[in-house]
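These notes are about the structure you will find just below.
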Number of protein chains: 2
Amino acid sequence: MEPFDIVIINGFVLTMDPSENVFAPGYVATRGCDIAAVGRYDGGRFNAVRTIDADGGIILPGLINAHTHAPMTLFRGIADDRPLLEWLSKYIFPVEKRMDDSFVYAGARLACAEMILSGTTTFCDMYLFEQEVARAAKESGMRCLVGEVIYDFPSPSYGPAENGLKHTESLIKTWQDDPLVSVAVEPHSLFTCSPDLLKAALETALQYNVPLVTHVAETLAEVMEIRRRYGKGPVEHLSDLGLLGPNLIADHCVHLNDDDIKRIADAGARVVHNPESNMKLASGIAPVPAMLAAGITVGLGTDGCASNNNLDLVTEMDTAAKLHKVASMDPTVMNAVTVLSMATRGGAKALGMEDITGSLEKGKKADIIVVDTNRPHLTPMYNPYSHMVYAARGNDVSHSIINGRLVMENRRLLTIDVEQTIKEADKKADDVREWIGYYS
Amino acid sequence: MEPFDIVIINGFVLTMDPSENVFAPGYVATRGCDIAAVGRYDGGRFNAVRTIDADGGIILPGLINAHTHAPMTLFRGIADDRPLLEWLSKYIFPVEKRMDDSFVYAGARLACAEMILSGTTTFCDMYLFEQEVARAAKESGMRCLVGEVIYDFPSPSYGPAENGLKHTESLIKTWQDDPLVSVAVEPHSLFTCSPDLLKAALETALQYNVPLVTHVAETLAEVMEIRRRYGKGPVEHLSDLGLLGPNLIADHCVHLNDDDIKRIADAGARVVHNPESNMKLASGIAPVPAMLAAGITVGLGTDGCASNNNLDLVTEMDTAAKLHKVASMDPTVMNAVTVLSMATRGGAKALGMEDITGSLEKGKKADIIVVDTNRPHLTPMYNPYSHMVYAARGNDVSHSIINGRLVMENRRLLTIDVEQTIKEADKKADDVREWIGYYS
């Protein structure tokens, strides 16, 4: 008998491979970091170091949160329901001016705990002191694509603006060849980065063959500002600067016209959709069905906890599906399979990791989650895709394996001390209260 | 020392009373079925039969799911992402034709388990064989307002159409003076009930002084059909028939114009908003901010599991808040306090239970839940309202007390055998599969 490390048996296996193969019941087996076998489970025994019984639950690829600002967990609920400028100027900026690497580490560690507990195994992040996000992810055993946010003004992290790309280069070199952490070049947006900075960012990304991540057309105000400055919309501006290419990951893309969609599709650029953040900040509704119809790769993200206020990609799927149905007044758009694909295979493709993760296929890395369906709200089960999108919650995920390593077992985190992580986060929150005069 | 039955200490008490008093930290004490005291917790001891330590969590009134079709849990995920007519004709109607009281009981019991586990303590229901919903609710210890759905055609439950109101009267008499179950008159909708049936329903409701519950203006197709038949919109039709009064509970109210809103407000009729169902079926977005501004009482509901697909009112709050922000392109509308009010005090008022439940006030019935916030996704806590609406999930609720009785303790249901309930539901789902040829 072929020897395996971990074998998960007796569940509905949603492979999310390009043919959307399902094995019911099925099994998934790992060896080292890899998926060694996937198939129908006939009740037999395996030669495995460890066997996990999914007990009729759902076995699927780990979810991919394709846009986060992980350390912003420490801002969760600090200032909801306010106009964007007040929120930024009174709450976020005053804190970001005073934060340090230990703040970012505490917030990122908390984020990793929350993400693993809700089924995410890979995330793509943008923030300050990003080496601390990489460290927290690595320690927790999560897969990630991270990048230091760069813009035209000084950063609390790397100092003067001109240091931004050098700092990014050093991050890239530090994490080169790491099995879990990879690094992108991440200019913040078209309205906080000059054309020269954007072009320099592209050059760095091309030089090291890494993705370029930026916010694009998130708000109408942004679109109007770019038009005022450059006489064209954000996507055309990106295109004219040469940035609209296959290595671009464009977050949000809420305000696009037909020409923008065609340009993104033609360029092979990838998009990340963040419906809950776009709703909560009243940014708008991204034309996702049109983007998918145009053949654009779209991943799904939660954005940061300052604008969501959670990192639960399972409920984000639910919102994504329902939002686009009502926005298009058509209940057939964004069906459960489409949305689950965005959160798995689509997210992997959006991050350039389609050969590594996002589906359960032999030879890919073993990023696998198990959902416990023996619960009233997941009973009965006619259709596991439907359950994943419309009925499950992040905390229905019972087990998580990342890169072949069991990181959560029956909802117990094996790589993070949750009590200590919560304690540290609470301490940092006390700093935040002091800095902004909260409750004073 | 005043003797209490249960006292919950050491939490953020969100009373949701009309002044929105908060006690941090606070306590709530019960005696018999009632709330005996609410106030600031100073660390002292109480003379109580039982003390529950909320451990820094949130203590709030039990949530009120103001519109459900509880037994439709047995349809969860059977046919998503389809046009309404196909969904009804191929899946729902063929099953409803063959179901019986045991089917409804099994589905309602499953629904009660799911609702208690996600923080709901009171629900308002409409379905067939509704005496079984009342029985399941009563056994589980839940508070409810239920009613047999009546319409112009024969019912699998009570037979010929003309029996509908007699059947309702007998339900009303059966449950008269019950501390938990009350009964409403529930004509299905304006397009399935003739003007004569609607007027007779009103008479019955007035005779017994009970609420009148119906679906109103849920879809554009319905509005067009009512205009075609009667030359006026649904609200005007209701008004002209005399039904638009203070005992009316109008579910959905998606497609309203300014005149409709004024009519509803002037009549003192109440509305129940079901954002997730309206999104999933692509029905539209109800003008809730305008209704609230007009002074209309609006409760929050999940609708049935055939169109949601869950009964989690906590995530329904999240969706409600975010949906209306993006629909109005204004992040300040439907703030966390407003939305939590809709799910508690507002829901109680919508169901005519404002003297009984919906807030933590001395003299009201003891319907209380505790949310465990010692979890990564609820850390840190700057604002408990924000946490309830934007970060919590139904399964963060740890304890539930209804009418003074502890029905859930540390997520263990004390009134329902969950394993047995899931088993019975799975059996009924097998019947459904057979009836509609699912997987065949």
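The values are calculated or read from the model by the stated rules, or taken from the named source; none is laboratory data. In this text, all values refer to a predicted model and were calculated from it rather than measured experimentally. Counting neighbours? That spans all protein chains shown, and the Cβs are built from the backbone with ideal geometry, glycine included. Accessible surface areas use protein heavy atoms only, side chains included; no ligands, DNA or RNA. Shrake-Rupley method; radii C 1.70, N 1.55, O 1.52, S 1.80 Å.
Can you tell me which residues in the stretch A:419-440 are open to solvent by 40 Å² or more (accessible area, probe 1.4 Å) and either without any contact (Cβ under 8 Å) to a residue 40 or more places away in the chain or facing chain B (nearest Cβ under 8 Å) (or both)?
Here is the first cut: in the stretch A:419-440, the ones open to solvent by 40 Å² or more (accessible area, probe 1.4 Å) are A:419-420, A:423-424, A:426-427, A:430-431, A:433-435, A:438-440.
A:Glu419, A:Gln420, A:Lys423, A:Asp426, A:Asp430, A:Arg433, A:Glu434, A:Tyr438, A:Tyr439, A:Ser440 - these are the residues of the stretch A:419-440 that are open to solvent by 40 Å² or more (accessible area, probe 1.4 Å) and either without any contact (Cβ under 8 Å) to a residue 40 or more places away in the chain or facing chain B (nearest Cβ under 8 Å) (or both).
Would you point out the residue of the stretch A:136-173, among those that are of a type in the set (Ser, Thr, Tyr) and under 18 Å from A:Lys199 (Cβ atoms), that is nearest to the chain's Cα centre (by Cα)? Result: A:Thr168.
Within the stretch A:15-36, the set of residues being of a type in the set (A, V, I, L, M) and within 20 Å of A:Arg405 (Cα to Cα) comprises A:Val28, A:Ala29, A:Ile35, A:Ala36. Within the stretch B:211-241, being within 26 Å of B:Ile172 (Cβ to Cβ), open to solvent by less than 20 Å² (accessible area, probe 1.4 Å) and either among the aliphatic types (A, V, I, L, M) or modelled with pLDDT under 95 (or both) holds for B:Leu212, B:Val213, B:Val216, B:Leu238.
If you check B:Ser157 against the conditions, is it free of Cβ contacts under 8 Å to residues at least 60 places away in the same chain and more than 26 Å from B:Pro234 (Cα to Cα)? So B:Ser157 passes the test. Pairs under 8 Å by beta carbon, first residue free of Cβ contacts under 8 Å to residues at least 12 places away in the same chain in the stretch A:219-240, partner among the acidic types (Asp, Glu) and open to solvent by less than 30 Å² (accessible area, probe 1.4 Å), six or more apart or different chains? Listed pairs, sorted by first residue: none to list.
So that you can scan it fast, the table gives a plain yes or no per residue for (1) farther than 28 Å from B:Tyr230 by Cα; (2) among the β-branched types (Val, Ile, Thr); (3) surrounded by fewer than 22 Cβ atoms within 10 Å (Cβ to Cβ):
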residue: B:Pro156; (1), (2), (3): yes, no, yes
residue: B:Glu162; (1), (2), (3): no, no, yes
residue: B:Ala184; (1), (2), (3): no, no, no
residue: B:His188; (1), (2), (3): no, no, yes
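Return yes or no: is B:Ile92 away from every other protein chain (no Cβ under 11 Å) and open to solvent by less than 30 Å² (accessible area, probe 1.4 Å)? So B:Ile92 fits the description; yes. Note on the stretch A:304-330: residues that are more than 9 Å from chain B (Cβ to nearest Cβ) and either under 22 Å from A:His377 (Cβ atoms) or open to solvent by 10 Å² or more (accessible area, probe 1.4 Å) (or both) amount to 5.
Within the stretch A:388-408, being surrounded by 24 or more Cβ atoms within 10 Å (Cβ to Cβ) and out of contact with any strand residue (DSSP E or B) (no Cβ under 9 Å at 6 or more places or on another chain) holds for A:Val389, A:Tyr390, A:Ala391, A:Arg393. Is at least one residue of the stretch B:322-338 out of contact with any Pro (no Cβ under 8 Å at 6 or more places or on another chain), closer than 21 Å to A:Arg393 by Cβ and either in the same structural domain as B:Asp258 (by TED's automatic domain parsing) or among the polar types (S, T, N, Q) (or both)? Yes, the stretch B:322-338 has at least one match.
Of the numbered criteria (1) under 30 Å from A:Pro211 (Cα atoms); (2) touching a Gly at 6+ places or on another chain (Cβ under 8 Å); (3) more than 7 Å from every other protein chain (Cβ to nearest Cβ), the one A:Val389 fails is (2). Assuming A:Glu139 fulfils every condition listed in (1) farther than 17 Å from A:Gly304 by Cβ; (2) surrounded by 24 or more Cβ atoms within 10 Å (Cβ to Cβ) apart from one, which condition is it? Status for A:Glu139: all satisfied but (2). Being under 28 Å from A:Met16 (Cβ atoms) and surrounded by 24 or more Cβ atoms within 10 Å (Cβ to Cβ): is that true of A:Met126 here? Spelling it out, A:Met126 is indeed under 28 Å from A:Met16 (Cβ atoms) and surrounded by 24 or more Cβ atoms within 10 Å (Cβ to Cβ).
I'd like to know if the stretch B:341-357 contains one or more residues that are surrounded by fewer than 24 Cβ atoms within 10 Å (Cβ to Cβ), within 11 Å of chain A (Cβ to nearest Cβ), out of contact with any strand residue (DSSP E or B) (no Cβ under 9 Å at 6 or more places or on another chain) and not aliphatic (A, V, I, L, M). No, that holds for no residue. Close contacts from the stretch A:318-339, counting a first residue that is β-branched (Val, Ile, Thr) and a second that is part of a loop (DSSP other than H, G, I, E, B) and open to solvent by 50 Å² or more (accessible area, probe 1.4 Å), with Cβ to Cβ under 7 Å and a gap of 6+ residues or different chains, come to A:Val326/B:Ile285; A:Thr332/B:Arg82; A:Thr332/B:Pro83; A:Val337/A:Glu20.
Only one of B:Leu256, B:Leu244 is more than 18 Å from the chain's Cα centre (by Cα), more than 14 Å from chain A (Cβ to nearest Cβ), more than 27 Å from B:Gly164 (Cα to Cα) and not in a helix (DSSP H, G or I); which? When all the criteria are applied, what remains is B:Leu256. Within the stretch B:264-278, can one find any residue that is within 14 Å of another protein chain (Cβ to nearest Cβ), modelled with pLDDT of 95 or more and open to solvent by 10 Å² or more (accessible area, probe 1.4 Å)? So far as the stretch B:264-278 goes, no, none of its residues is within 14 Å of another protein chain (Cβ to nearest Cβ), modelled with pLDDT of 95 or more and open to solvent by 10 Å² or more (accessible area, probe 1.4 Å). Determine, yes or no, whether A:Arg76 is among the basic types (Lys, Arg) and open to solvent by 10 Å² or more (accessible area, probe 1.4 Å). Criteria not met by A:Arg76. Among residues of the stretch A:256-269 that are among the charged types (D, E, K, R), those with a beta-carbon under 7 Å from a residue that is open to solvent by 30 Å² or more (accessible area, probe 1.4 Å) and not in a helix (DSSP H, G or I) at least six positions away or on a different chain give the pairs A:Lys262/A:Ala294.
Screening B:Val213 on (1) in contact with a Phe, Trp or Tyr (Cβ under 9 Å, 6 or more places away or on another chain); (2) part of a strand (DSSP E or B); (3) of a type in the set (A, V, I, L, M) shows it passes everything except condition (1).
Selection within the stretch B:190-203: residues that are open to solvent by 10 Å² or more (accessible area, probe 1.4 Å) and assigned to a helix (DSSP H, G or I). The member of this set that is nearest to B:His67 (Cα to Cα) is B:Leu202.
Quick grid of which residues meet (1) more than 30 Å from B:Glu424 (Cα to Cα); (2) buried (at least 18 other Cβ atoms within 10 Å of the Cβ); (3) among the hydroxyl-bearing types (Ser, Thr, Tyr):
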{"position": "B:Val28", "(1), (2), (3)": "yes, yes, no"}
{"position": "B:Gly32", "(1), (2), (3)": "yes, no, no"}
{"position": "B:Arg40", "(1), (2), (3)": "yes, no, no"}
{"position": "B:Ala70", "(1), (2), (3)": "no, yes, no"}
{"position": "B:Arg82", "(1), (2), (3)": "no, no, no"}
{"position": "B:Arg98", "(1), (2), (3)": "no, no, no"}
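Among the residues of the stretch A:242-263, just one is polar (S, T, N, Q) and open to solvent by less than 40 Å² (accessible area, probe 1.4 Å), namely A:Asn247.
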